[in-house]
1. Could you please let me know if residue A:131 is outside any helix (DSSP H, G or I), within 14 Å of chain B (Cβ to nearest Cβ) and within 25 Å of residue A:22 (Cα to Cα)?
2. Of the residues that sit in the stretch A:72-87 and are open to solvent by less than 30 Å² (accessible area, probe 1.4 Å) and in contact with a helix residue (DSSP H, G or I) (Cβ under 8 Å, 6 or more places away or on another chain), which one is nearest to DNA strand C (Cβ to nearest atom)?
3. Could you run through the stretch B:35-71 and say how many residues are closer than 21 Å to residue B:17 by Cβ, away from DNA strand D (no atom under 11 Å from the Cβ) and surrounded by 13 or more Cβ atoms within 10 Å (Cβ to Cβ)?
4. Return the residues of the stretch B:1-38 that are at pLDDT 90 or above and β-branched (Val, Ile, Thr); say none if nothing qualifies.
5. For residue A:83, indicate whether it is touching an Asp or Glu at 6+ places or on another chain (Cβ under 8 Å), at the interface with another protein chain (Cβ under 7 Å from one of its Cβ atoms) and either modelled with pLDDT of 95 or more or under 23 Å from residue A:49 (Cβ atoms) (or both).
6. If a residue must be surrounded by 12 or more Cβ atoms within 10 Å (Cβ to Cβ) and facing another protein chain (nearest Cβ under 7 Å), how many such residues does the stretch B:102-123 contain?
7. Confirm whether residue B:34 is near DNA strand C (Cβ under 9 Å from one of its atoms) and of a type in the set (A, V, I, L, M, F, W, C).
Number of protein chains: 2
Amino acid sequence: MKAISQESAVTFGDIPARLQACGIRVTAQRMQIAELLLGAPQHLSAEQITEALQGRGVEVSKATVYNTLNLFAARGLIRQLAVDDTRSWFDSNVQPHYHFHDEATGALTDVALPEVEFSRLPRIPEGMEVASLDLVIRLRPKS
Amino acid sequence: MKAISQESAVTFGDIPARLQACGIRVTAQRMQIAELLLGAPQHLSAEQITEALQGRGVEVSKATVYNTLNLFAARGLIRQLAVDDTRSWFDSNVQPHYHFHDEATGALTDVALPEVEFSRLPRIPEGMEVASLDLVIRLRPKS
DNA sequence: ATGGCTGCAAATAGTTTGCAATGAG
DNA sequence: CTCATTGCAAACTATTTGCAGCCAT
């Protein structure tokens with residue numbers, strides 16, 4: 001638990017500032033959750049976060065994990081994904097991007113924005129505008 | 001409840017045959033659910049179906065609605081959508097197509113396949129193939 | 001100090017399952 | 001007849017909420 005690359009050290013060091021910049025009070029649990037999730041682009045479920053933290057001896061409750069994730073999402077620090085019908089995924093990459101979804105394993109992988117280009121999109125209904133464009137490419141083992 | 005267009009009469013008349021063609025035994029509850037959902041392309045939640053049927057005096061339990069919807073989905077008669085984190089939507093349009101999602105009302109609208117064209121798609125990981133391509137265009141009132 | 005956090009447990013929402021009674025073939 | 005299907009209630013999973021005590025500011 002002490003090997004810290006230069007990159008992650010810098011990233012992690014930023015976290016308290018990022019939280020405060022969003023008007024989020026810094027607490028031990030929030031730091032732990034933020035370090036886990038914001039250190040690199042990734043997709044985690046509330047359960048994975050709870051287990052990961054409790055596994056490394058951090059005291060945190062399920063309720064706090066959910067409260068914190070909802071707070072982070074409301075402040076734009078993370079994005080909640082609806083890919084799966086059973087659980088929510090929290091994505092630390094808030095830049096626009098798309099996803100691969102491996103149907104067999106449930107794994108989610110990012111697809112960078114420039115990897116997809118639309119040559120045609122539907123006309124948007126009157127008075128509406130696009131809030132976001134979610135693309136999920138579901139994959140299965142090649143037959 | 002007696003105005004039946006030629007089209008829907010034909011469509012509805014097909015339902016028992018469609019169920020049997022999928023190896024699904026025809027029962028009163030399954031017919032009711034199928035008529036509600038398969039009569040036209042639409043998106044319904046399990047709760048909407050349960051309420052609609054019970055509202056018109058049909059005896060059906062929540063459990064049977066879920067069992068039936070899961071059975072229909074497994075047999076390819078309908079498609080389950082993960083658009084929303086709270087509930088599942090069941091789509092009677094099993095042809096490939098995309099969706100608008102009105103974030104304010106939660107309403108789902110179909111976007112026909114030819115309305116969207118991709119001029120570039122990412123390289124698919126080794127040994128995998130595309131099972132489906134889910135595109136959700138989330139809409140909000142124009143600012 | 002004081003109001004925002006936290007943990008716990010209980011409450012909710014959506015969905016699934018076990019089992020006895022019922023109904024389709 | 002016989003096994004699939006149904007309804008009910010209870011079980012489950014994911015998530016939210018109420019409340020007393022704790023902690024960042």
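1. Criteria met by residue A:131.
2. A:72
3. Qualifying residue count for the region: 7.
4. B:24, B:26, B:27, B:33 - these are the residues of the stretch B:1-38 that are at pLDDT 90 or above and β-branched (Val, Ile, Thr).
5. Numbers: touching an Asp or Glu at 6+ places or on another chain (Cβ under 8 Å): no; at the interface with another protein chain (Cβ under 7 Å from one of its Cβ atoms): yes; either modelled with pLDDT of 95 or more or under 23 Å from residue A:49 (Cβ atoms) (or both): yes.
Judged against the criteria, residue A:83 is not a match.
6. 7
7. no
The values are calculated or read from the model by the stated rules, or taken from the named source; none is laboratory data. Computed from a predicted structure; not experimentally measured. Glycine also receives a Cβ, built like all others from the backbone with ideal geometry; neighbour counts cover every protein chain displayed. Accessible surface is based on the protein model in full, side chains and every heavy atom, while ligands, DNA and RNA are left aside. Shrake-Rupley method; radii C 1.70, N 1.55, O 1.52, S 1.80 Å.
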